[in-house]
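Data block below; observations after.
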Amino acid sequence: MGVVRTCGWCNDRCNMKNVHTAEVGTAGWGELKRVDIVFRCDGCGHLSVATGRQELVPYSSSGSTRLVVDGPSAWFPRQVGRRVYDDVPTTIASMAIEAHQCLSIEANRAAVALARAVVEATAKDRGITTGTLEKKIDKLFEQQLIREYVKDAAHEVRFGGNEVAHGDLVAEPMDNATATEVLGLMDEILDEVFQSPARVRRRKEQRLERERRLKEGDGAGSGEVPQETPAGDVVSVTEEPPF
């Protein structure tokens, strides 16, 4: 028995084979049994655990049961979308990827703290190394490296990171929805500073090269250069029914 899903370890879509099932509590009369189900990925071989239930098969005279996993959030480790930041410096991209990994396991404060670090590292990469983060963000705008709404987004990431760093979330912890919004703003900043300019630069270079070939008459014709896949896109994964 198994399920096809994206493995939380190798992030590939693989067959997950059921290797062990353990009850995690006694069920009362007529109640479903709660179980932990251990799966092995056919791709990387790592084990994943899913929380589910064991229920009777309808209309079965033999009393057969089936295992049901209670949705994507019941899996550990959880799958993380493929974040790609091809045009972002490696050290900054690695922090952004790690922030999304934290978000996937609802380590919300860690995710937002990393998002703040990404914004500051972005400013420093552009030569803005002095002053508070607030001033660094304003200088990014003054130097026309970001537009005004992106400046506001960067400040929102800063505010979120400050709340985490200063312990202002004791009474009201940061929820996953808020952290998701903060990381979405972080991604907009990376797109504005690194990825969008790189896409424009590649397109311009390709156009100029095509014009050069046409001018020299090398027979290249007027065929269009295939479109680039925009950097930073996330590969979406649709969860299939487990059994």
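The values are calculated or read from the model by the stated rules, or taken from the named source; none is laboratory data. Note that the coordinates shown come from a computational prediction; the quantities given were computed from them, not determined experimentally. Note: ideal-geometry Cβ built from the backbone for every residue, glycine included; neighbour counts use all protein chains shown. Just the protein is used for accessible areas: all its heavy atoms, side chains included, with ligands, DNA and RNA removed. Shrake-Rupley method; radii C 1.70, N 1.55, O 1.52, S 1.80 Å.
Considering (1) open to solvent by 70 Å² or more (accessible area, probe 1.4 Å); (2) at pLDDT 80 or above; (3) of a type outside the set (Gly, Ala, Ser); (4) more than 28 Å from the chain's Cα centre (by Cα), the lone condition that VAL35 does not fulfil carries the number (1). Considering only residues that are within 16 Å of PHE194 (Cβ to Cβ) and open to solvent by 80 Å² or more (accessible area, probe 1.4 Å), which ones fall in the stretch 139-153? Result: GLN143, GLN144, ARG147.
Table: residues versus (1) open to solvent by less than 50 Å² (accessible area, probe 1.4 Å); (2) in contact with a Phe, Trp or Tyr (Cβ under 7 Å, 6 or more places away or on another chain); (3) not in a helix (DSSP H, G or I).
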site: GLY127; (1), (2), (3): no, no, yes
site: THR130; (1), (2), (3): no, no, yes
site: ILE137; (1), (2), (3): yes, no, no
site: PHE159; (1), (2), (3): no, no, no
site: GLY167; (1), (2), (3): yes, no, yes
site: LEU190; (1), (2), (3): yes, yes, no
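The residues in the stretch 192-205 that are more than 12 Å from ASP87 (Cβ to Cβ) and open to solvent by less than 30 Å² (accessible area, probe 1.4 Å) can be counted, and the count is 0. For PRO173, the conditions (1) open to solvent by 80 Å² or more (accessible area, probe 1.4 Å); (2) touching a residue at least 40 places away in the same chain (Cβ under 8 Å); (3) under 18 Å from ILE137 (Cα atoms) all hold with the exception of (3). Set side by side, the residues ALA154, ALA99 differ, and just one is under 30 Å from TRP75 (Cβ atoms) and part of a helix (DSSP H, G or I), which is ALA99.
Looking across the stretch 97-125, the residues that are open to solvent by less than 30 Å² (accessible area, probe 1.4 Å) and over 15 Å from the mean Cα position of the chain (by Cα) come down to VAL119, ALA121, THR122, ALA123. For the stretch 104-137, which residues satisfy the criterion of being over 16 Å from LEU190 (Cα atoms) and among the acidic types (Asp, Glu)? Matches in the stretch 104-137: GLU106, GLU134. Scanning the stretch 92-109 turns up one or more residues that are farther than 20 Å from TRP9 by Cα and at pLDDT 95 or above.
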